[in-house]
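*Asks:* Before I ask anything, let me first share the structure, which is written out below as structure tokens.
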Amino acid sequence: MPMEEPFSSALIRGTLHRPDAESGDAFALTHGAGGNSNTPLLIKLARACADQGHLALRYDLPFRVTRSAGPPFPAGATRDREGIAAAIAAVRGMAGGRVIAGGHSYGGRQTSMLAAEQPGIADALLLLAYPLHPPHKPEQKRTAHLPNLRTPVLFVHGTADPFASPEELREAIALIPAPTDLLIVEGAAHNLSRAAGLATEILNRLYALLHR
């Protein structure tokens, strides 16, 4: 049975999911602006990873380590990306295969920005409910770094997400020169709440992308 144990470092803290028989791949997964690493989506996904033999770390970003509630401050984004880099380095040191990094909303966005700044830091990205623009402000698109991504990316997005419509997201994804895929979750809002099978579906689509 997979083991779950606390994890902490100078910048981050979270829970490490160790599989019984390791595939060699590892996941570093983090949360959005309003949550933490104990959100149901991350727990289900990390446990699905471990069930399939992958090491998984779900972790709190530095802003959440500092404050138990409240959104991140823009001035702290660089430190949050340092925390993401620390999480990736931690799981890379524990597994000999590929590292998939990602997260929900703000956490996924910051992970993608780090990957654009440091190509090769991760072997694939998993972006859950990417916040393409603030709700009701489609002109404020967060796409400047996307043309610099060289890492395969799977986006997972709900059709009722106010941070981007599927059509808007497809237009943004077209800016990325690396291999990409988009998993649409019918009826899901920004939290991507759906039946328990979503985590397995995410992993199946991710590995299909990596095996192209």
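*Asks:* Mean residue ellipticity at 222 nm from the helices of the chain, using -39,500 (n - 2.57) per DSSP H segment of n ≥ 4 over the full residue count, to the nearest 500 deg cm²/dmol?
*Replies:* Values: 6 runs with 66 residues, N = 212.
Taken over the chain, the calculation gives -9500 deg cm²/dmol.
*Asks:* Once you list every other residue whose beta carbon is under 14 Å from the beta carbon of A160, what net charge do they have if Lys and Arg are +1 and Asp and Glu are -1? Write down the numbers at each step before the final one.
*Replies:* Details: positive: R194; negative: D161, E167, E168, E186.
It works out to a net charge of -3.
*Asks:* Once you keep just the Cα pairs under 8 angstrom separated by 6 or more residues, what percentage relative contact order results for the stretch 3-210?
*Replies:* Working: 461 pairs, mean separation 35.7, N = 208.
For the stretch 3-210, the relative contact order is 17 percent.
*Asks:* Measuring from centroid to centroid over Cα atoms, what is the spacing of the stretch 164-184 and the stretch 1-16 in Å?
*Replies:* If we compute the Cα centre of each part, the gap is 32 Å.
*Asks:* Give the peptides 119-130, 4-15 in descending order of average Cβ contacts within 10 Å, highest first. Let's see the in-between values first.
*Replies:* Numbers: 119-130: 22.3, 4-15: 16.2.
The packing order, highest mean first, is 119-130, 4-15.
*Asks:* Can you give the direction-averaged projected area of the convex hull of the alpha-carbon atoms in the stretch 170-212, in nm²? Intermediate results must be reported in sequence, preceding the final value.
*Replies:* Working: hull surface 14.8 nm².
Computed as one quarter of the Cα hull surface, the answer is 3.7 nm².
*Asks:* Restrict the search to the stretch 140-189; then list the trypsin sites (Lys or Arg not before Pro) that DSSP places in a loop and that have at most 16 other Cβ atoms within 10 Å of their Cβ.
*Replies:* Values: sites: K141, R142, R150, R170; in loops: K141, R142, R150.
The qualifying sites are K141, R150.
*Asks:* H211 to T159: extension gain in nm, 0.36 nm per residue of separation minus the Cα-Cα distance? Spell out each step's value before the answer.
*Replies:* Numbers: separation 52, 0.36 × 52 = 18.72 nm, distance 2.65 nm.
Length difference between fully extended and current span is 16.1 nm.
*Asks:* Still on this structure: Averaged over all directions, how much area does the convex hull of the C-alpha atoms of the stretch 118-171 cover when projected, in nm²?
*Replies:* Working: hull surface 15.4 nm².
Orientation-averaged projected area of the Cα hull: 3.8 nm².
*Asks:* Can you give the extra length, in nm with one decimal, that the chain gains between E167 and S9 once fully stretched, where that is 0.36 nm per residue apart less the Cα-Cα distance?
*Replies:* Net length gain for the segment: 52.9 nm.
*Asks:* How are the Cα pair distances of the stretch 106-212 distributed, in percent, across 10 Å bins from 0?
*Replies:* 15, 50, 32, 3
*Asks:* Same structure, new question: Using the alpha carbon gyration tensor of the stretch 14-101, what are the three equivalent-ellipsoid semi-axes (square root of 5 times each eigenvalue), largest first, in whole Å?
*Replies:* On the way: eigenvalues 117, 41, 12 Å².
Ellipsoid semi-axes (Å, largest first): 24, 14, 8.
*Asks:* Run the Debye formula on the Cα coordinates of the stretch 74-126, all scatterers equal and no solvent, and tell me log10 I(q)/I(0) at q = 0.13, 0.29 1/Å.
*Replies:* Log10 of I(q)/I(0), two decimals: -0.27, -1.23.
*Asks:* Still on this model: Order these peptides, 16-24, 132-140, 37-45, by their mean beta-carbon neighbour count within 10 angstrom, highest first.
*Replies:* Values: 16-24: 15.4, 132-140: 12.1, 37-45: 19.9.
So the order, starting with the most tightly packed, is 37-45, 16-24, 132-140.
*Asks:* What is the local net charge at L55, summed over the other residues whose Cβ is closer than 15 Å to its Cβ (Lys, Arg +1; Asp, Glu -1)? Walk me through the numbers on the way to the answer.
*Replies:* Values: positive: R18, R47, R58, R92, R98; negative: E4, E5, D20, E22, D25, D51, D123.
After counting each charged neighbour, the total is -2.
Read-outs: derived from the displayed coordinates by stated rules, not from any lab. Here the structure is a predicted model, which means the values were calculated and not measured. Reconstructed Cβ throughout: ideal geometry from the backbone, glycine too, with neighbour counts over all protein chains shown.
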